[in-house]
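To start, the structure itself, in structure tokens.
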Amino acid sequence: MTRIERLQQEVKLVEAQYGELELGPNLEWFVIKRWKLVSGWNKAETKVLVVIPAGYAVTPPDNFYTDNDLRLAGGSPPGNTSSDQNLIGRQWLQFSFHFVEPGDWQPHADPLKGHNLLTFLQGVAKRLSEVS
């Protein structure tokens, strides 16, 4: 399976789970158009951008991005974020998010048997549910 075939398969899984996506021309990134947020944020949903590194699937995605105006309900920026990140022609709020140890990311030749984009998004979901 080529890298592009793998990404096409994984993007279909992401779309089935999270709904409509916007895709980079070479699948180098994708945007989940409507990520539902838990209470505690200043809005009910946000876009989520994931940049797929050139070394994927051996190298996992690093960080994720949301609408630049996403804030905690009280108006403060969430922890470990940087605003005004210019990617794909838009400004984003970058969340610092990494697999803690290199061995934590374990892809498999069959994307359904190892870590994949859905695995990464489980971490994104956990971070966005923490509201801090």
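The values are calculated or read from the model by the stated rules, or taken from the named source; none is laboratory data. Note that the structure is predicted; figures quoted are calculated from it, not measured. Virtual Cβ from ideal backbone geometry, glycine too; neighbours counted across all protein chains shown.
Could you please find all residues in the range 60-97 being within 14 Å of the chain's Cα centre (by Cα), assigned to a loop (DSSP other than H, G, I, E, B) and surrounded by 13 or more Cβ atoms within 10 Å (Cβ to Cβ)?
Once the filter is applied, which keeps residues that are within 14 Å of the chain's Cα centre (by Cα), assigned to a loop (DSSP other than H, G, I, E, B) and surrounded by 13 or more Cβ atoms within 10 Å (Cβ to Cβ), the range 60-97 yields P60, P61, D62, N63, F97.
Kindly check whether there is at least one residue in the range 39-49 that is of a type outside the set (D, E, K, R), modelled with pLDDT of 95 or more and exposed (fewer than 13 other Cβ atoms within 10 Å of the Cβ).
yes
Of all residues being free of Cβ contacts under 8 Å to residues at least 12 places away in the same chain and of a type in the set (D, E, K, R) in the range 120-132, which is farthest from A57 (Cα to Cα)? Just the residue, please.
E130
Please determine, by comparing only the residues of the range 98-119 that are without any contact (Cβ under 8 Å) to a residue 60 or more places away in the chain and not in a loop (DSSP other than H, G, I, E, B), which one is surrounded by the most Cβ atoms within 10 Å (Cβ to Cβ).
T119
Being touching a Ser or Thr at 6+ places or on another chain (Cβ under 9 Å) and under 24 Å from E15 (Cβ atoms): is that true of L49 here?
The answer is yes for L49.
Quick one: which of K43, K113, K36, K126 is among the charged types (D, E, K, R) and within 21 Å of L7 (Cβ to Cβ)?
Answer to the selection: K113.
Can you tell me which condition G19 does not meet? The list is (1) surrounded by 14 or more Cβ atoms within 10 Å (Cβ to Cβ); (2) under 16 Å from L117 (Cα atoms), and all the others hold.
G19 satisfies every listed condition except (1).
Given the conditions (1) without any contact (Cβ under 8 Å) to a residue 24 or more places away in the chain; (2) under 25 Å from G19 (Cβ atoms); (3) in contact with a Lys or Arg (Cβ under 7 Å, 6 or more places away or on another chain); (4) of a type outside the set (D, E, K, R), and given that F95 satisfies all but one, which numbered condition is not satisfied?
Of everything listed in (1) without any contact (Cβ under 8 Å) to a residue 24 or more places away in the chain; (2) under 25 Å from G19 (Cβ atoms); (3) in contact with a Lys or Arg (Cβ under 7 Å, 6 or more places away or on another chain); (4) of a type outside the set (D, E, K, R), F95 misses just condition (1).
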